[in-house]
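Asks: After the structure tokens below, expect a handful of questions from me.
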Amino acid sequence: MVTSKGPVNGLSVDVEDWFQVGAFENVIARDDWAGLADRIERNVMAILDLFDEAGAKATFFTLGWVAERHPALMRRIADAGHELASHGWDHVRVHTMGQTRFGEDIARARKTIEDAAGIGVTGYRAPSFSIDQRTPWAHEELAQQGYAYSSSVAPIRHDHYGWRDAPRFAFRPLAGADLIEIPVTTAEFAGRRLAAGGGGFFRVLPYGFSRWAIRQVNRRDERPAVFYFHPWEIDPDQPRVAGAPLKSRLRHYTNLDRMADKLRRLVREFAWGRMDRLAHHEARNLARETA
């Protein structure tokens with residue numbers, strides 16, 4: 001998939017609210033979520049407008065907890081031509097669950113999203129990219145439940161997540177299964193892998209870094225990039241969390257007021273598409289490589 005702007009890259013949104021992020025998981029109890037200010041709808045609607053302006057399509061990896069409370073928003077996303085995929089039920093990291101609980105989590109989230117939007121769900125992204133060497137059963141469970149692809153691996157070292165030895169680009173994690181894993185993008189510099197797939201790295205670092213990294217992947221590696229961000233990242237007016245660690249606050253709140261403009265620039269400069277279509281393209285490439 002190549003356009004005048006280069007390869008069609010995977011654009012994705014992890015649909016979770018400001019109080020559901022991993023940085024605040026030890027500060028805000030899940031039992032308190034329902035009583036907190038819900039800013040999902042206003043932020044997702046702004047993102048839909050931003051994508052529409054640029055003619056970009058994306059995948060919205062959505063928490064089942066969110067889909068249950070916003071069925072009309074799920075239909076709006078689907079009606080705009082974007083893909084809805086699963087982000088699990090309530091942002092529990094996969095490596096903290098066993099296979100049975102994980103299976104129940106992804107089945108519940110998938111059904112809720114499908115019931116809300118009236119469409120099928122074939123993709124999954126683990127909260128905080130938490131599929132790694134500690135979860136050899138996770139891909140097995142996804143394959144058993146009929147998922148076509150996962151985008152749950154960050155092939156880097158990071159204090160919150162990472163599977164450094166995982167492949168940088170799409171691979172089949174299970175022999176004899178059709179499931180494809182599409183890792184979030186990394187770049188290489190001086191023999192090191194650098195996180196370059198969006199989120200806080202995109203928000204905090206200069207725009208030029210992301211441009212360089214995506215160009216490296218598209219031109220040198222001749223592969224599509226995978227980019228992600230969250231709705232709360234375009235919301236500088238969101239509530240502030242009292243008592244959160246300084247490091248968490250710096251990560252979460254830095255450059256919120258600049259994020260929307262950076263995203264507009266990004267979606268116009270590069271070619272973007274849905275993750276399910278990228279997965280289909282990558283599956284064909286892998287089939288050719290093994291033929």
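The values are calculated or read from the model by the stated rules, or taken from the named source; none is laboratory data. Just so it is clear, the model here is predicted, and its values are computed rather than measured. Here the Cβ is made from the backbone with ideal geometry for all residues, glycine too, and neighbour counts use every protein chain on show. For accessibility, only protein heavy atoms count, side chains too; no ligands or nucleic acids. Shrake-Rupley method; radii C 1.70, N 1.55, O 1.52, S 1.80 Å.
Asks: On alpha carbon coordinates alone, what is the Rg over Rh value for the chain, Rh being the Kirkwood radius?
Replies: 0.93
Asks: How many times 2.2 N^0.38 Å is the alpha carbon radius of gyration of the range 79-198?
Replies: Ratio of Rg to 2.2 N^0.38 Å for the range 79-198: 1.07.
Asks: Tell me which residues come under 5 Å, amide H to amide H, from I180 once H is placed; ignore anything under 5 positions away on its chain.
Replies: Close amide H contacts, sequence-distant or interchain: Y149, S150.
Asks: Using the Karplus equation 6.51 cos²θ - 1.76 cosθ + 1.60 (θ = phi - 60°), what ³J(HN,Hα) coupling, rounded to whole Hz, does each residue of the range 114-125 give in order, writing x for Gly and Pro?
Replies: 5, 5, 5, 9, x, 9, x, 10, 10, x, 9, 10
Asks: Quick check: Cα centre of the range 104-159 to Cα centre of the range 26-58, how many Å?
Replies: 20
Asks: So what J values fall out for the range 265-282 if you push phi through Karplus, 6.51 cos²θ - 1.76 cosθ + 1.60 with θ = phi - 60°, rounded to Hz, Gly and Pro as x?
Replies: 5, 5, 6, 8, 7, 10, 8, 9, x, 6, 5, 5, 6, 5, 4, 4, 4, 5
Asks: May I pose another question? Determine the share of the chain's accessible area contributed by carbon and sulfur atoms, expressed in whole percent, with a 1.4 angstrom probe.
Replies: Accessible surface attributable to carbon and sulfur in the chain totals 49 percent.
Asks: A follow-up question, please. What percent of all Cα-Cα pairs in the range 37-112 falls in each 10 Å bin, counting up from 0?
Replies: The percentages, shortest bin first, are 18, 46, 26, 9, 0.
Asks: Taking the highest mean first, how do the peptides 181-193, 130-142 order by number of other beta carbon atoms within 10 angstrom per residue?
Replies: 130-142, 181-193
Asks: Moving on. How much length is gained on full extension from M45 to R268, taking 0.36 nm per residue of separation minus their Cα-Cα distance?
Replies: Answer, rounded to one decimal: 78.4 nm.
Asks: With an 8 Å Cα cut-off and a minimum separation of 6 or more residues, compute the relative contact order for the chain in percent.
Replies: RCO, the chain: 25 percent.
Asks: Taking amide H positions as placed in the peptide plane 1.01 Å from N, state which residues far from S86 in sequence (5 or more) or on other chains have amide H under 5 Å from it.
Replies: Long-range HN contacts for S86: T62, G123, Y124, R125.
Asks: If you place +1 on the Cβ of every Lys and Arg and -1 on the Cβ of every Asp and Glu, how big does the dipole about the Cα centre of the range 34-177 come out, in debye to the nearest 20?
Replies: Here the size comes out at about 300 debye.
Asks: Another question, if that's okay. Hey, can you find the accessible area per residue of the range 146-192 for me, probe 1.4 Å, expressed in square angstrom?
Replies: Roughly 45 Å² per residue, with all protein chains present.
Asks: Here's something else I'd like to know. Show me 163-171, 28-36, 55-63 ranked by packing, highest mean number of other Cβ atoms within 10 Å first.
Replies: Peptide ranking by packing, descending: 55-63, 163-171, 28-36.
Asks: Further, regarding this structure: Just to be sure I understand: of the beta bridges DSSP finds with both ends in the chain, what percent are antiparallel, rounded to 5?
Replies: For the chain, the DSSP antiparallel bridge percentage is about 25.
Asks: Right, another one. How high is the relative contact order of the range 213-270? Use alpha-carbon pairs under 8 Å, at least six apart in sequence, and give a whole percent.
Replies: The normalised contact order for the range 213-270 reaches 29 percent.
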